[in-house]
1. Check every one of the strands (runs of 3 or more DSSP E) wholly within the stretch 216-321 and list those with 2 or more residues that are within 30 Å of LEU68 (Cβ to Cβ).
2. Scanning for something under 23 Å from ALA245 (Cβ atoms), in contact with a Pro (Cβ under 8 Å, 6 or more places away or on another chain), buried (at least 20 other Cβ atoms within 10 Å of the Cβ) and in contact (Cβ under 8 Å) with a residue 40 or more places away in the chain, does the stretch 381-404 turn up at least one residue?
3. Only residues that are at pLDDT 80 or above, in a loop (DSSP other than H, G, I, E, B) and of a type in the set (Val, Ile, Thr): list them for the stretch 113-140, please.
4. I'd like the full set of residues that are crowded, with 19+ Cβ neighbours inside 10 Å and either closer than 18 Å to VAL258 by Cα or of a type in the set (Lys, Arg) (or both), limited to the stretch 273-284.
5. Looking at ASP378, ASP345, can you tell me which residue is touching a Phe, Trp or Tyr at 6+ places or on another chain (Cβ under 9 Å) and free of Cβ contacts under 8 Å to residues at least 12 places away in the same chain?
6. Could you check ALA74 against (1) modelled with pLDDT of 90 or more; (2) closer than 19 Å to ALA163 by Cβ; (3) outside any helix (DSSP H, G or I) and say which number it fails?
7. Taking the conditions exactly as written (farther than 21 Å from ILE271 by Cβ and within 18 Å of the chain's Cα centre (by Cα)), does ASP101 satisfy them or not?
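The values are calculated or read from the model by the stated rules, or taken from the named source; none is laboratory data. Just so it is clear, the structure is predicted and the values come from calculations on it, not from any experiment. With ideal geometry, Cβ positions are generated from the backbone for all residues, glycine too; neighbour counts draw on all protein chains shown.
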Amino acid sequence: MQGQRLVCSNGIDIAIDPSPYALSETLETDLVFVGWGISAPSLGLDDYAGLDVRGKAVVLLEGAPASLPGALRAHFSWIQQKERMAAAQGAVAVLTLKTPDRERVSPWDRTRRYRPLPGLSWPQEAASGVEPIRATITLGPRVARRLFASAGRDIDEIYAHSAAATPKGFALPATMQLKRRSLHEEVRSANVIGLLPGTHPVRRHDVIVVLSHLDHVGIGPTVDGDHIYNGAVDNAGGVAVMLEAARQLAETGTDRSVLFVATTGEEKGLIGSEYLAANPVVDPRRIAAAISIDGLMAFNDFTGVVALGADHSTLGAISAEAARSIGASHVPDPIPERGNLALSDQYPFLRRGVPVLFPNPARETTQPDRTALAAWDDYESFHYHRPSDDMKLPLRWHSAARWLRYITSTIRGAANAEGAIAWNDGDLIGRYFGRPDMRQSNKDSNK
């Protein structure tokens, strides 16, 4: 950086993603700041316009502009999507910056502690024709500040500007040198799938996919003498809800078929659901909807349901009716900057044009409950992705039972709906991701 040399240590100053492509990596390249790092000309967004990033490392902001609708904001916040866009522009590495909004929902301290954990990737059956990104690195605050100071830029001004508009990109007067080693091991981990065949003579050919991930962090850094990460809430509870919903639905039957999937590798980047969406076990044109059950946040007597994806398709009315049946209602996403719609197993199906739903109980209730709020906040601050996510947590089992009723009613409503499950007319998300062949398949359901 203009004659200065800054040596960075992984897990202290920066956090480097493990590489699934190379056992060792030596990389030296120039740096270019590219704002949010989004290239979507059809939406009038192209942060790469006028910038030469071929063979270089791009520095970009985590997240996406608040002006984007929720689902698109989540989509363009997803780091793998940003990697794809950067690779398509010829970049070789991605360096990410935590804006204040992202720091609130995904703190740097958590990132640096957990990024060195082993990652997972599955070999793509067909090459995309684009060279993959060779390194993805999150910059800690000290490194980020010094990097932009070397260009005479105030990073706080860039963050402030990003809240209202996309910061203009520019070449940074710096060169990155990277040396790293990765260890590779071939492992096999299966999705566990059960099919409930539909009973309607026509609609049985359509499939509702219900997903709940069977994995958690596994073995991780020791916390209070314990290194086994149990994952009671995230996501043994979610799988339990899915299994009981499947049992109840099997007793009554459903018009459409329902594919129940306990996915592997969700915590490592949606590995199992991405593989399933790319290699479906049913006709992909017949996948009518995907519903994800991720977590069992039964810490309060919830009165609201945050139903991500509901605003964009006819799944919204189905979910709203299921919520009403247990005395709850839909409420807005309280943290859209987190991009949660891209952080669970429904997302690979959304990208392929399938209407999706990712619901969770709302933290806030119509009658404030300080005990419940404290338990919820305590879980997110001290137990989420830690060994203490176990059965000692103060879960309210009557609330878990209500959540089960909501989930079962939602799946039943989707599976038995007489009309097509379709994107709402004129919906931007439906136009961006929507699949004409899927809409045609759904039309058959009206017969």
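1. Values: elements: 218-223, 226-229, 257-263, 287-292, 304-308.
In the stretch 216-321, 257-263, 287-292, 304-308 are the strands (runs of 3 or more DSSP E) which contain 2 or more residues that are within 30 Å of LEU68 (Cβ to Cβ).
2. As a first pass, look at the stretch 381-404 and keep what is under 23 Å from ALA245 (Cβ atoms): 389, 391, 393, 395-404.
In the following step, the residues that additionally are in contact with a Pro (Cβ under 8 Å, 6 or more places away or on another chain) were identified as 399, 403.
Imposing the further condition that a residue be buried (at least 20 other Cβ atoms within 10 Å of the Cβ) reduces the set to 403.
Right, trim to in contact (Cβ under 8 Å) with a residue 40 or more places away in the chain and you get 403.
The answer is yes; a qualifying residue exists.
3. Listed by number, the list holds a single entry, ILE133.
4. Selection gives SER273, LEU276, ALA277, PRO284.
5. On the way: ASP345 fails: free of Cβ contacts under 8 Å to residues at least 12 places away in the same chain.
After ruling out the rest, the residue left standing is ASP378.
6. (3)
7. Working: farther than 21 Å from ILE271 by Cβ: yes; within 18 Å of the chain's Cα centre (by Cα): yes.
Yes.
For (1) over 27 Å from ALA71 (Cα atoms); (2) modelled with pLDDT of 95 or more; (3) assigned by TED's automatic domain parsing to the domain that holds SER67; (4) not in a loop (DSSP other than H, G, I, E, B), each residue gets a yes or a no:
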| site | (1), (2), (3), (4) |
| --- | --- |
| ASP378 | yes, yes, no, yes |
| ARG386 | yes, no, no, no |
| MET391 | yes, yes, no, no |
| HIS398 | yes, yes, no, yes |
| LEU404 | no, yes, no, yes |
| ILE407 | no, yes, no, yes |
| ILE429 | no, no, no, yes |
| TYR432 | no, no, no, yes |
| ASN442 | no, no, no, yes |
